[in-house]
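Participant: Structure below; questions to follow.
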Amino acid sequence: MEQNYTPETGGEMALRDADETRRDGKKVFVKTYGCQMNVYDSQRMSDALAADGYAPTDRIEEADLVLLNTCHIREKAAEKVYSELGRIRQLKHERSLLGRETVVGVAGCVAQAEGREILRRAPAVDLVIGPQTYHRLPAVVKRALGGEKIVETDYAIEDKFEHLPAPQKKVVRSRGVTAFLTVQEGCDKFCTFCVVPYTRGSEVSRPVAQILAEAEQLADAGVRELTLLGQNVNAWHGEGAVNGGASREWGLGELLFRLAEIPGLARLRYTTSHPRDMDDALIAAHRDLPALMPYLHLPVQSGSDRILKAMNRRHTGDDYRRLIDRIRTARPDIAMSGDFIVGFPGETDADFDDTMRLIRDVTYAQAFSFKYSPRPGTPGAELGDQVPENVKNERLQALQALLLEQQRGFAASLIGKTMDVLLEKPGREPGQRVGRSPWLQPVIVDEKAGEIGDIVRVRITEAGSNSLFSEAVF
Ligand code: 5AD
Ligand code: SF4
């Protein structure tokens, strides 16, 4: 899953409108771990449960249904789930003393990978549901309320997207002016370190009509910026019409052009891409489509050809460098983001130096870096020559220091420049709003500059450690 690995995101925000509290007052708390696709899936689970009378809450102690939407990408991510389940067991016990039942569910990639084992390790759990079966969640919850323990991970036939309800306008509004939309799921690349092909299954693209319908609903509810999601998003393909006429095969580039026509949608992004699937049409979209933001998360993982081969990446460091050159020729102001793994089995100091050299050659505005974590069932975990923990730590520190220096350099280079910012939410201090730069950085803006949802012109005055400060340009 080459996705920006957001550290845990919290539970779905409670909807505060009084009329959102359902007749029977049932509440669901969803905690999301891992990538943006899990954030999106959590929203869709909430949507499906809302249709069944469950109002979302961000207070776990008042929840009749607790769902953990989990991540299996590294061992640490998976282990976090079990410690959380320990705490939830206590909570469930305390609620039962008050005569309240709590259904506990584990969703996401740990659910898919570990299935029944979760019930054995964590007795508080009532249901385990894999990422491709969320449309069955309301029915599964009903069975759990009847006292059954359920493992629902078998998904060969149904398509979850065809069965999940569309989000309500009011719900979309409560989530803000930016939204995720999954266009593709699964991965056929089988990088030797990665569990995704096993947990999310093989690559499936959602049909054009389904994507457009959802994008139109989101735009209609006030969404201004859409981020298309997929484990291998640029492998997306589908049948689309050409100038309203005959249909032919589209790639992500064509889809982006079509989405940009939807009134209200001002900004488009997509994540996460594989270097091998960056085709000419997609690069042309970066050149010709102003709505497509000049920011690209394109993981390379390593700069060493030997390690890239062992990882089954099927590209070299120089292939990647050439690709970046082509993308930068098309869109000179594009900012690059990436993912890196240090300490893959067999990685020597010389291999690591190749990674550092590649980082210096490319220059990243943003990056995510990880110590290699052997995952059960992946070929990498079977390799000899695992790198000792202390070496992994040293390499990660050096790599992160370089990436941080580049990130700061990029932010500093924006001081004095003017740019468009999409205002997303109120700021922490009175009189402020927070928006995003085209390059995904948070920007603090004077609230007089505009309303949430507006795109305003600002000049950057200062670069903080996490955000940029600005003055309005009138
Ligand atoms: N160990 C460490 N990092 C991993 N990633 C994926 N699998 C592993 C693993 N076994 C990283 C990759 C990927 C990101 C989402 O997580 O860099 O792009
Ligand atoms: Fe995992 Fe590789 Fe597929 Fe990304 S491309 S999801 S890292 S197997």
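Participant: What is the dipole size for the stretch 418-472, taken about its Cα centre, with +1 at each Lys and Arg Cβ and -1 at each Asp and Glu Cβ, in debye to the nearest 20?
Facilitator: Dipole of the stretch 418-472, to the nearest 20 debye: 80 debye.
Participant: Right, something else. Of Pro123, Val81, Leu91, whose Cα points farthest to the positive end of the dipole of the stretch 7-152 (charges on the beta-carbon: +1 Lys, Arg; -1 Asp, Glu; origin at the Cα centre)?
Facilitator: The residue sitting farthest along the positive end of the dipole is Pro123.
Participant: Once the principal axes of the Cα atoms of the stretch 7-152 are found, what is the range along each, listed largest first in whole angstroms?
Facilitator: 41, 33, 24
Participant: Which percent of the Cα-Cα distances in the chain go past 33 Å?
Facilitator: 40 percent
Participant: List the lysines whose Cα sits under 17 Å from the Cα of Lys149, skipping any in the same chain fewer than 8 residues away.
Facilitator: Within the straight-line cut-off, Lys149 pairs with Lys92.
Participant: Let me ask something else. Compute the separation of the alpha-carbon centres of the stretch 106-160 and the stretch 414-445 and state it in Å as a whole number.
Facilitator: Answer, in whole Å: 40.
Participant: Something else now. Taking the Cα centroid of the stretch 324-372 and of the stretch 170-193, what is the distance between the two, rounded to the nearest whole Å?
Facilitator: After rounding, the separation between the Cα centres reads 24 Å.
Participant: Per residue, how many Å² of accessible area does the stretch 160-413 show with a 1.4 Å probe?
Facilitator: 40 Å²
Participant: Still on this structure, please answer the following. May I ask you to order 377-390, 303-316, 181-194 by the average number of other C-beta atoms within 10 Å around their residues, highest value first?
Facilitator: 181-194, 303-316, 377-390
Participant: Full extension from Arg457 to Leu383: what is 0.36 nm times the residue separation minus their Cα-Cα distance, to one decimal in nm?
Facilitator: Roughly 21.4 nm would be gained on extension.
Participant: Follow-up question, since we're still on this one. In the neighborhood of Ala412, defined by Cβ-to-Cβ distances under 12 Å, what is the net charge if each Lys or Arg adds +1 and each Asp or Glu adds -1?
Facilitator: For residues surrounding Ala412, the net value is 0.
Participant: How much of the accessible area of the stretch 7-152, probe 1.4 Å, is carbon plus sulfur, in whole percent?
Facilitator: That share works out to 49 percent.
Participant: Moving on. Tell me what the chain gives for mean residue ellipticity at 222 nm when only DSSP H runs of n ≥ 4 count, each as -39,500 (n - 2.57), the sum divided by the residue total, rounded to 500 deg cm²/dmol.
Facilitator: -10500 deg cm²/dmol
Participant: Order 92-102, 452-462 from most to least packed using the mean count of other Cβ atoms within 10 Å.
Facilitator: Ranked from most to least packed, the peptides come out as 452-462, 92-102.
Participant: What's the magnitude of the charge dipole for the chain around its Cα centre, counting Lys and Arg as +1 and Asp and Glu as -1 at the beta-carbon? Answer in Debye, nearest 20.
Facilitator: Here the chain has a charge dipole of around 620 debye.
Participant: Also, I was wondering about something else. Sorted by mean Cβ packing within 10 Å, highest first, what order do the peptides 395-408, 218-231 take?
Facilitator: Ranked from most to least packed, the peptides come out as 218-231, 395-408.
Participant: Hey, another quick one. How many angstrom lie between the Cα centre of the stretch 33-72 and the Cα centre of the stretch 252-313?
Facilitator: Cα centroid to Cα centroid, the span is 29 Å.
Participant: What is the dipole size for the stretch 7-152, taken about its Cα centre, with +1 at each Lys and Arg Cβ and -1 at each Asp and Glu Cβ, in debye to the nearest 20?
Facilitator: Approximately 380 debye in magnitude.
Participant: Could you point to the residue in Ala266, Leu403, Gln168 farthest towards the positive end of the chain's charge dipole, with +1 and -1 charges on the Cβ of Lys/Arg and Asp/Glu respectively?
Facilitator: Gln168
Participant: Using Cα positions and a limit of under 22 Å, work out the lysines in reach of Lys169, with same-chain residues fewer than 8 apart set aside.
Facilitator: Within the straight-line cut-off, Lys169 pairs with Lys26, Lys27, Lys160, Lys425.
Participant: Do any of Lys31/Lys189; Lys189/Lys392; Lys392/Lys417; Lys80/Lys392; Lys76/Lys170 go past 31 Å between their Cα atoms, and which?
Facilitator: In this structure, Lys392/Lys417; Lys76/Lys170 lie more than 31 Å apart at Cα.
Participant: For Glu117, what is the net charge nearby, where nearby means another residue's Cβ is under 14 Å from its Cβ and Lys, Arg count +1, Asp, Glu -1?
Facilitator: With Lys, Arg at +1 and Asp, Glu at -1, the neighbours total +2.
Participant: Sticking with this one: With unit charges on the beta carbon (Lys/Arg positive, Asp/Glu negative), name the residue among Thr348, Trp439, Leu423 whose Cα is farthest towards the positive pole of the charge dipole of the chain.
Facilitator: Value computed over the given set: Leu423.
The values are calculated or read from the model by the stated rules, or taken from the named source; none is laboratory data. Note that the coordinates shown come from a computational prediction; the quantities given were computed from them, not determined experimentally. In this analysis, Cβ positions are derived from the backbone assuming ideal geometry, glycine residues included, and neighbour counts consider all displayed protein chains. The area values use the complete protein model at the heavy-atom level, side chains included, leaving out ligands, DNA and RNA. Shrake-Rupley method; radii C 1.70, N 1.55, O 1.52, S 1.80 Å.
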